[in-house]
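Working notes, beginning with the structure itself.
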Amino acid sequence: MTLRSLSSFVGPVLAGIVLGLPLPGSAAGCQDVAFVDVIAESAWVNLDLVPAQGTAGVRDALRQAQSQYAGRPVRIRLAPGHYTDNLGSEIFAQALWRSDAAPLWLTATDPRPNATVLGQGLNLLAVSYVAIDGLTIGPAQVGAWDGRRHAAPGPLQAAAGIHVAGAALDGARAGASGQNLNLQVYGRFLPSHHVLVRRVTVQNLFGDDERDAETAEGHDMDGMKFNQVQDLWVLDSRVDRTSRHGIDNVGVHRAAFCRNLVARNGGGMGIEAKGGSVDVLYDSNSFYRVRRVELGGEETDAVYYFSLDGRWDYEALRTVARNNLIVDAREAALDFSGCSDCSAVGNTILFSAAYRPAGTAIEPLGGDAVRAHDSRVLGADDGAGNDCQTWDTGQADHVTVDPCWGVGSRAPAPVNRVLRNQRLLLANNVFMSERPLFGQGGGAVVPCPLNASGALPEISWTGNYWWNGGAALPAAGCSVLAEGSSSRLPLAGAVSAPLRGGAIDASTLDRLAGSLLQVSRPLSDGSLLRHAVSAATMASHDHQGAPRGSASGGIAAGFVGALAGPGQDADRVFNWAQRLYPTLLPAAAISQTLGDYYARHYPQTQTYLGAWNGHLYALGPSFGFAVVDLGPLADWMALAAAAGY
């Protein structure tokens, strides 16, 4: 992100974070300073909305921002309340081409979940430097199910809560000659870029004739969907109960998904990034009862594949999943599909005592810890789509072209090319089932530590800790688990359950988020300490922003799994405060020891939050430049816990 002004903090721990902001072509990260947070308050043009204006008011404000203030930073501020759907369709806007000096910020003045609610999804085509912040899309609860329909309020009907897409370049131009594709035409896009989604809640998107999202047969509503997008950040958001994917990505380059909660989605993935995606980071997210967390993706329609390098031989390149909590995944916790140079490091995978695989006891359809399989670029004969959106200069509008580039998905190679997993790393993860799960069942098919199909994937396993409810891992019926000598297996180094476990409270999203933290916390016996091996993609911080290892011991001295130790209340309070006060505490900081304080520094506002001797302290211009005692940490912890932290 572009940085315009930043105070000159030079602390050695945070210097790399402060100065290492992504330039064009560099990967996105969780500590990047948002482009909207570096604009001076006095520079904003404010367009204020109230709920009576409904979703039409939101659409009109987006258009007004572009038509009247294209060269100035515009902030569309939504007052709290419900913005009823008075469009009858998604809130659609296109060609919102902005700059780092003149971004467009659609933001709720009250960013708490369910405070500022849109009655329709957002659909943005061909946009740049656009931020969506603090909104809720969809009802918190749906009405009772009578076997046919829901009582009011019904679930939201939208293709996606948020959909951002690029547009095909020269979509009406012929992209093939005979049996040869012209890759100077075919597969080229003008991507949307520099898109920020922050503190957004998307919930209850499924058919009104469906009982719930998880069992919905429609499989047609995504929480968030990004096609052909570069430089993308999805931060501190929640996606719950959508009938298809939680977060779907096709052809995204340089994207960071950080500190999100994704739960109870239906026929799609909890998250995936496929179709030529490059440099995608899943960091410090929580996933609950999703089908799978996908590195790569299952089969991309040819007309949506967006190659950054012209290779067309992977679904995803250099995807990293780290610091994530994955609890009770319905089919598989981690799934690699067509992923090259991808890694899963420092994650916690937990199957609770209440977990039961989908399917039957004889033919379970889930319960795998890791899956790996090939993917493919789909052609028209496989049912792949043929159309695309492209800009028509004469009409000054985006138009649908079918078939795109003259051939659509009915094209020669690389269409139908098989995309294989290559060079995968799984390191420093915790895989735990509270009761015996892997290898258990009454038939030939059993839940497995590894379920691999297609070409034998290149997987390096090291530093992982396995616990199967006290039982050994299966010796037959599953793919070979070639764990390294640094890993711990049940009855061979792993001698006890490493995590607290227990019941999960999913009655509200706040309670679910807090409950997932509690059940995933390491026990205090130190079984996960001083066990991690060195890995280039391992973070120096954990799921909560706590440092993983000592200054002298480094990463090798740190914990295995997503959480570095049995508990750190200060980090939970810091995270809660960051979400509640993003202007004062912009960009998620990493905790460190500063003298006697366990603290975080926010250099953009010259603010510190710290904990010492059971109290919470603050220092900075907003506090009078003197250290202020904010009271007992336990009092703040109660507020943070109630909000799901």
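The values are calculated or read from the model by the stated rules, or taken from the named source; none is laboratory data. No experiment lies behind these values; they were computed from the predicted model shown. Because the Cβ atoms are built from the backbone with ideal geometry, glycine has one as well, and the counts that use them run over all protein chains shown. The area values use the complete protein model at the heavy-atom level, side chains included, leaving out ligands, DNA and RNA. Shrake-Rupley method; radii C 1.70, N 1.55, O 1.52, S 1.80 Å.
Any residue that is part of a helix (DSSP H, G or I), open to solvent by 10 Å² or more (accessible area, probe 1.4 Å) and either small (Gly, Ala, Ser) or in contact (Cβ under 8 Å) with a residue 60 or more places away in the chain (or both) - is there at least one of those in the stretch 540-555?
yes
Condition first: at pLDDT 95 or above, of a type in the set (Ser, Thr, Tyr) and surrounded by 14 or more Cβ atoms within 10 Å (Cβ to Cβ). Can you find one or more residues in the stretch 49-58 that meet it? Give the steps one after another, and end with the answer.
Initially, the stretch 49-58 is screened for residues at pLDDT 95 or above, giving 49-58.
When the remaining residues are screened for being of a type in the set (Ser, Thr, Tyr), the result is 55.
If we keep only those that are surrounded by 14 or more Cβ atoms within 10 Å (Cβ to Cβ) as well, we get 55.
Looking for residues that are at pLDDT 95 or above, of a type in the set (Ser, Thr, Tyr) and surrounded by 14 or more Cβ atoms within 10 Å (Cβ to Cβ), one finds at least one in the stretch 49-58, hence yes.
Restricting attention to the stretch 446-468, which residues are open to solvent by 30 Å² or more (accessible area, probe 1.4 Å) and part of a loop (DSSP other than H, G, I, E, B)?
Residues satisfying the conditions are Ser453, Gly454, Ala455, Leu456, Glu458.
Just a yes or no: is a residue in the stretch 25-33 among the polar types (S, T, N, Q), modelled with pLDDT under 95, farther than 15 Å from Ala108 by Cα and surrounded by 16 or more Cβ atoms within 10 Å (Cβ to Cβ)?
Yes - at least one qualifying residue is present in the stretch 25-33.
Check Leu325 against each of (1) of a type outside the set (D, E, K, R); (2) buried (at least 23 other Cβ atoms within 10 Å of the Cβ); (3) within 20 Å of Gly470 (Cα to Cα) and name the one condition it does not meet.
(3)
Any chance you could count how many residues in the stretch 233-243 are closer than 27 Å to Thr390 by Cα and surrounded by fewer than 24 Cβ atoms within 10 Å (Cβ to Cβ)? Outline the logic, then answer.
Narrowing the stretch 233-243 to residues closer than 27 Å to Thr390 by Cα: 233-234.
Still in the running and surrounded by fewer than 24 Cβ atoms within 10 Å (Cβ to Cβ): none.
Matching residues across the stretch 233-243 total 0.
Enumerate the strands (runs of 3 or more DSSP E) found wholly within the stretch 87-190, keeping only those where 1 or more residues are closer than 17 Å to Leu49 by Cβ. Working first, answer last.
On the way: elements: 91-97, 104-108, 116-118, 122-133, 160-165.
Hits in the stretch 87-190: 91-97, 104-108, 116-118, 122-133.
For Arg322, indicate whether it is more than 18 Å from Gly268 (Cβ to Cβ), free of Cβ contacts under 8 Å to residues at least 60 places away in the same chain and of a type in the set (D, E, K, R).
On the way: more than 18 Å from Gly268 (Cβ to Cβ): yes; free of Cβ contacts under 8 Å to residues at least 60 places away in the same chain: no; of a type in the set (D, E, K, R): yes.
Judged against the criteria, Arg322 is not a match.
Being within 17 Å of Gly138 (Cβ to Cβ), open to solvent by less than 30 Å² (accessible area, probe 1.4 Å), touching a residue at least 24 places away in the same chain (Cβ under 8 Å) and not small (Gly, Ala, Ser): is that true of Val117 here?
For Val117, the condition - within 17 Å of Gly138 (Cβ to Cβ), open to solvent by less than 30 Å² (accessible area, probe 1.4 Å), touching a residue at least 24 places away in the same chain (Cβ under 8 Å) and not small (Gly, Ala, Ser) - is met.
Hey, among the residues in the stretch 272-304 that are open to solvent by 20 Å² or more (accessible area, probe 1.4 Å) and over 23 Å from Ala588 (Cβ atoms), which one's farthest from the chain's Cα centre (by Cα)?
Asp301
Looking at Asp212, Asp208, which one is under 30 Å from the mean Cα position of the chain (by Cα), surrounded by fewer than 16 Cβ atoms within 10 Å (Cβ to Cβ), within 29 Å of Arg238 (Cβ to Cβ) and among the acidic types (Asp, Glu)? Please lay out each step first, then the result.
Working: Asp212 fails: surrounded by fewer than 16 Cβ atoms within 10 Å (Cβ to Cβ).
So the residue among Asp212, Asp208 that is under 30 Å from the mean Cα position of the chain (by Cα), surrounded by fewer than 16 Cβ atoms within 10 Å (Cβ to Cβ), within 29 Å of Arg238 (Cβ to Cβ) and among the acidic types (Asp, Glu) is Asp208.
Taking only the stretch 490-513 into account, find how many residues are open to solvent by less than 10 Å² (accessible area, probe 1.4 Å) and either modelled with pLDDT of 90 or more or in contact with a helix residue (DSSP H, G or I) (Cβ under 9 Å, 6 or more places away or on another chain) (or both).
Looking only at that region, the number is 3.
In the stretch 77-86, what count of residues is obtained for those that are surrounded by fewer than 24 Cβ atoms within 10 Å (Cβ to Cβ), assigned to a strand (DSSP E or B) and not charged (D, E, K, R)?
Count: 2.
Return the pairs, sorted by first residue and then second, in which the second residue is in a strand (DSSP E or B) and open to solvent by 10 Å² or more (accessible area, probe 1.4 Å), the first residue lies in the stretch 422-435 and is more than 18 Å from Ala535 (Cα to Cα) and of a type outside the set (S, T, N, Q), the beta carbons are less than 6 Å apart, and the residues are 6+ apart or on different chains.
The qualifying pairs are Met432/Trp467.
Which one of the conditions (1) under 21 Å from Arg98 (Cα atoms); (2) open to solvent by 10 Å² or more (accessible area, probe 1.4 Å) does Leu196 fail to meet, given that it meets all the rest?
The single condition Leu196 does not satisfy is (2).
Hey, His219 hits all of (1) at pLDDT below 95; (2) surrounded by fewer than 24 Cβ atoms within 10 Å (Cβ to Cβ); (3) in contact with an Asp or Glu (Cβ under 7 Å, 6 or more places away or on another chain) but one; which does it fall short on?
Answer for His219: the failing condition is (3).
Just the residues that are of a type in the set (Gly, Ala, Ser), in contact with a strand residue (DSSP E or B) (Cβ under 9 Å, 6 or more places away or on another chain) and modelled with pLDDT under 95, please, taken from the stretch 330-361.
Listed by number, the list holds a single entry, Ala358.
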